[in-house]
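**Q** One structure is given below, represented as structure tokens, and several questions about it will come after.
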Amino acid sequence: MVVAAVAGVAGWGFHRVFPGAELLLAIVPAAVAPVLVAALTARRPLWLALALDLVAWLAGTIPLYHGLAPGVLADVADAWHALLTTLLPAQPEPRLLVLVHTLVWAAAVIGAETLTRTRTRIAAAVPALAVFAAALLLGVDGEGSNLPVAAALFVLVAALALVRDDRSPLWLLGGLPAAAVLAALALAVGPLLPVAAHPYDPRQDAEPPPPRRVDSVSPLDRVSGWLQIPDRELFTVKADKPLNWRLAVLDRYDGVRWTSGARFRPTGGRVPEGEWTGAARVVRQRVTFTGLPGTWLPAAERPVEVDGVPGLAADPQSGALLADPAAGAGRRPGRGFAYAVTSRVPEPSKEDLLAATPAHDDAALTAFPPGPQEKLFRELAQQATKGADAPIKQAYRLQSYLRTSASYDVTAPPGHSLKGLEFFLRTTHRGTSEQFAATFALMARTLGLPSRVVVGFRPGQASGGVYHVRSGHVMAWAEIKFERLGWRPFYPTPGRSGAKDDHDVVSSAIEESERLEGEFARGGGDRSGTARPKAGEQGAPPGGGPSPWLPAAAAGGGL
């Protein structure tokens, strides 16, 4: 049974990939069954033992899949790539756990038959060590530590060597404590090794899934329609702080519509943090759907942990969340669907923002689609930012220009194509947040600032600690990217006349933006420490962008 213990402990190395009891369901039968088969067939032909082992492997998959699984072999072959393109922890799905079941089973079969039919000792543990090595690689990005597992393996391998030795049992009584002391020493020294701080992660070389269309209708296309039925409740949020609930991030524009280039990856709940590593407020939310369509999941920026979503997928770059029907038993979120989110809301200081330097990012984030409208957008952007000698001032003045040069009107023509936005700028001068956000993002791109559009909702109407978010709370805003600070929001849409909640998040952001502009006026110019050419001049940077001084509460916004 020592072989079963070695194989089982090696399989437990996958606890950084699949935390939870489901992992035991894959490990225990695979580790124990081959040892029993080897004991029963010790004097029988090897082919009979292997045939019984295969039957035991198939039987062990039944509790995993809750029945027979015709495609189990294909799942074993596909699980490697699936795990390498998954944000850990992975969902404990049968199609993924079957890989652990198979690896542990193979290690137990080879180890048990080696011990039964040969006189070798340590060689019987080699397959289990290979399984542990695979667990280390696939679990590099997971939470927890495998040092205790490694120490336990060391002791069990020592026990295996001592048991197979034809010596007195006293050797075993003396050898195991010595092995335990060495294992404890390794456990203490392990974290100090350089490789422990920067282990190799095979996920960095794995091909991520391609960008894909999430819904047939873009959330930005829904803004105008939602505003026509403002009292329809979409979801509720139980939270201790009112924030904007971000729904979708759109970073690709083809001249007709904004779409998402997100590379969603499945995850068991963890979402990678953004570029900001400084002070942040932890905000916990409980979201319940009451009428929101689609598969996008609203949350305060930036989510780091999600619980209660079958088939959860996240974009590591933007932090956008998705309930993937293909991985969630084919179900889309419906009325009553609920989940918990923990967000880490950045709280950069005024000094952080004043000293921010523009980010240089993906060229697509500064790309303007070909067409005659580019000249109009560039000229208006340069006019709006005239005299701004730092990108952070350009972004603020662009925001102020749009807020004061056009009016908010829910009856304005919908759409955000180049021709539609040209009509908005030249003729109507009225629109919803759809037009204001799309225009801001495109103008920012003509200045060399990486930008994107975000669709979400204002906090909603509070009642007993629960925020009721209705269609009328929808809004779009824009974001520009900083080095180190990451993406920061801008709110170019003017306030709505007579609105009861214009005081919530956006108004605070605008007030702080004006204070930051005053800081620049008193400080005399570019605080970034680098003289930068004006937009459009030779040598202007291809990317980078500032943000106004936004407090933690302005991580979201309102109209």
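The values are calculated or read from the model by the stated rules, or taken from the named source; none is laboratory data. The structure presented is a predicted model; accordingly, all values stated were derived computationally and were not measured. Using ideal geometry, Cβ is built from the backbone for each residue, glycine included, and neighbour counts are taken over all protein chains shown.
**Q** For segment 292-315, enumerate the residues that are of a type in the set (Asp, Glu) and touching a Gly at 6+ places or on another chain (Cβ under 7 Å). Don't jump to the end; show me each part of the working.
**A** Within segment 292-315, the subset of a type in the set (Asp, Glu) is 301, 305, 307, 315.
Listed by number, the residues that qualify are GLU301, GLU305, ASP307.
**Q** Look at segment 213-229 and say how many of its residues are at pLDDT 90 or above, within 13 Å of ALA476 (Cα to Cα) and among the polar types (S, T, N, Q). Spell out how you get there, then give the answer.
**A** From segment 213-229, those at pLDDT 90 or above are 219-229; that's our starting set.
Checking the rest, the ones that are also within 13 Å of ALA476 (Cα to Cα) come to 219-224, 226-227.
Filter once more, keeping what is among the polar types (S, T, N, Q): 224.
Looking only at that region, the number is 1.
**Q** Follow-up. Does LEU23 qualify as being touching a Phe, Trp or Tyr at 6+ places or on another chain (Cβ under 8 Å) and either under 30 Å from ASP201 (Cα atoms) or in a loop (DSSP other than H, G, I, E, B) (or both)?
**A** Values: touching a Phe, Trp or Tyr at 6+ places or on another chain (Cβ under 8 Å): yes; either under 30 Å from ASP201 (Cα atoms) or in a loop (DSSP other than H, G, I, E, B) (or both): yes.
Here the answer is yes, as LEU23 does meet what is asked.
**Q** Considering only segment 254-304, how many residues are among the polar types (S, T, N, Q), modelled with pLDDT under 95 and not in a strand (DSSP E or B)? So that I can check it myself, show each step before the final result.
**A** Going residue by residue through segment 254-304, those that are among the polar types (S, T, N, Q) are 259-260, 267, 277, 285, 288, 290, 295.
If we keep only those that are modelled with pLDDT under 95 too, we end up with 259-260, 267, 277, 295.
Keeping just the survivors that are not in a strand (DSSP E or B) gives 260, 277, 295.
Residues flagged as among the polar types (S, T, N, Q), modelled with pLDDT under 95 and not in a strand (DSSP E or B) within segment 254-304 amount to 3.
**Q** Further question: Which of the following residues is assigned by TED's automatic domain parsing to the domain that holds GLU374, aliphatic (A, V, I, L, M) and out of contact with any Phe, Trp or Tyr (no Cβ under 9 Å at 6 or more places or on another chain): LEU447, LEU442, LEU485?
**A** On the way: LEU442 fails: out of contact with any Phe, Trp or Tyr (no Cβ under 9 Å at 6 or more places or on another chain); LEU485 fails: out of contact with any Phe, Trp or Tyr (no Cβ under 9 Å at 6 or more places or on another chain).
Checking each option against the conditions leaves just LEU447.
**Q** Being of a type in the set (Lys, Arg), surrounded by 18 or more Cβ atoms within 10 Å (Cβ to Cβ), over 16 Å from TYR253 (Cβ atoms) and in contact with a Leu (Cβ under 8 Å, 6 or more places away or on another chain) narrows it down to one residue among ARG458, ARG403, ARG426, ARG445; which is it? Can you show your working first?
**A** Details: ARG403 fails: in contact with a Leu (Cβ under 8 Å, 6 or more places away or on another chain); ARG426 fails: surrounded by 18 or more Cβ atoms within 10 Å (Cβ to Cβ); ARG445 fails: over 16 Å from TYR253 (Cβ atoms).
Selected residue: ARG458, the only one of ARG458, ARG403, ARG426, ARG445 that is of a type in the set (Lys, Arg), surrounded by 18 or more Cβ atoms within 10 Å (Cβ to Cβ), over 16 Å from TYR253 (Cβ atoms) and in contact with a Leu (Cβ under 8 Å, 6 or more places away or on another chain).
**Q** State all residues of segment 349-401 that are of a type in the set (Ser, Thr, Tyr), closer than 26 Å to LEU418 by Cβ, in a loop (DSSP other than H, G, I, E, B) and within 33 Å of the chain's Cα centre (by Cα); if no residue qualifies, say none. If you could, list the steps in order and put the result at the bottom.
**A** Applying the first criterion (of a type in the set (Ser, Thr, Tyr)) to segment 349-401 yields 349, 357, 366, 385, 396, 400-401.
Pick out the ones that are also closer than 26 Å to LEU418 by Cβ and you get 366, 385, 396, 400-401.
Imposing the further condition that a residue be in a loop (DSSP other than H, G, I, E, B) reduces the set to 366, 385.
Passing the criteria: only THR366.
**Q** Within 23 Å of ARG378 (Cβ to Cβ), surrounded by 24 or more Cβ atoms within 10 Å (Cβ to Cβ) and in the same structural domain as ARG284 (by TED's automatic domain parsing), is that true of TYR491? Full working, then the answer.
**A** Details: within 23 Å of ARG378 (Cβ to Cβ): yes; surrounded by 24 or more Cβ atoms within 10 Å (Cβ to Cβ): yes; in the same structural domain as ARG284 (by TED's automatic domain parsing): yes.
Yes, satisfied.
**Q** Got at least one residue in segment 136-151 being more than 27 Å from ARG270 (Cβ to Cβ) and of a type outside the set (Asp, Glu)?
**A** Keep residues of segment 136-151 that are more than 27 Å from ARG270 (Cβ to Cβ), which gives none.
There is no residue in segment 136-151 that is more than 27 Å from ARG270 (Cβ to Cβ) and of a type outside the set (Asp, Glu).
**Q** Let me ask something additional. In segment 111-126, how many are within 39 Å of the chain's Cα centre (by Cα) and β-branched (Val, Ile, Thr)?
**A** The total comes to 1.
**Q** If you don't mind, there's one more thing I want to ask. For segment 370-377, does any single residue satisfy the condition of being at pLDDT 90 or above, touching a strand residue (DSSP E or B) at 6+ places or on another chain (Cβ under 6 Å) and acidic (Asp, Glu)?
**A** Step one: filter segment 370-377 for residues at pLDDT 90 or above, giving 372-377.
Subsequent filtering for residues that are touching a strand residue (DSSP E or B) at 6+ places or on another chain (Cβ under 6 Å) retains none.
No - not one qualifying residue is present in segment 370-377.
Each row is one residue, and each column tells you yes or no for (1) modelled with pLDDT of 90 or more; (2) under 24 Å from the mean Cα position of the chain (by Cα).
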| site | (1), (2) |
| --- | --- |
| ALA7 | yes, no |
| ILE27 | yes, no |
| ALA31 | yes, no |
| LEU36 | yes, no |
| VAL55 | yes, no |
| PRO70 | no, no |
| ASP78 | yes, yes |
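**Q** State yes or no: is LEU73 without any contact (Cβ under 8 Å) to a residue 24 or more places away in the chain, part of a helix (DSSP H, G or I) and more than 16 Å from ALA4 (Cα to Cα)? Can you show your working first?
**A** Numbers: without any contact (Cβ under 8 Å) to a residue 24 or more places away in the chain: yes; part of a helix (DSSP H, G or I): yes; more than 16 Å from ALA4 (Cα to Cα): yes.
Taking the combined requirement at face value, the residue satisfies it.
**Q** While we're here: Just for segment 110-149: of the residues that are aliphatic (A, V, I, L, M) and at pLDDT below 85, which one is surrounded by the fewest Cβ atoms within 10 Å (Cβ to Cβ)?
**A** From segment 110-149, those aliphatic (A, V, I, L, M) are 110, 112, 115, 122-126, 128-131, 133-138, 140, 147, 149; that's our starting set.
Then drop every residue that is not at pLDDT below 85, which leaves 122, 147.
Values: ILE122: 12, LEU147: 16.
Only one residue fits best here, namely ILE122.
**Q** For segment 305-316, indicate whether the set of residues that are modelled with pLDDT of 95 or more, on the phi < 0 side of the Ramachandran plot, in the same structural domain as HIS416 (by TED's automatic domain parsing) and touching a Lys or Arg at 6+ places or on another chain (Cβ under 7 Å) is non-empty.
**A** Checked segment 305-316: at least one residue is modelled with pLDDT of 95 or more, on the phi < 0 side of the Ramachandran plot, in the same structural domain as HIS416 (by TED's automatic domain parsing) and touching a Lys or Arg at 6+ places or on another chain (Cβ under 7 Å).
**Q** In addition: How many residues does segment 59-69 contain that are part of a helix (DSSP H, G or I) and surrounded by 12 or more Cβ atoms within 10 Å (Cβ to Cβ)? Steps first, answer last, please.
**A** Filtering segment 59-69 down to residues part of a helix (DSSP H, G or I) leaves 59-65.
So of that shortlist, the ones also surrounded by 12 or more Cβ atoms within 10 Å (Cβ to Cβ) come out as 60-65.
So the answer is 6.
**Q** OK, next. Might you check whether a residue that is surrounded by fewer than 18 Cβ atoms within 10 Å (Cβ to Cβ), farther than 22 Å from VAL454 by Cβ and at pLDDT below 85 occurs anywhere in segment 380-396?
**A** Yes, because at least one residue in segment 380-396 is surrounded by fewer than 18 Cβ atoms within 10 Å (Cβ to Cβ), farther than 22 Å from VAL454 by Cβ and at pLDDT below 85.
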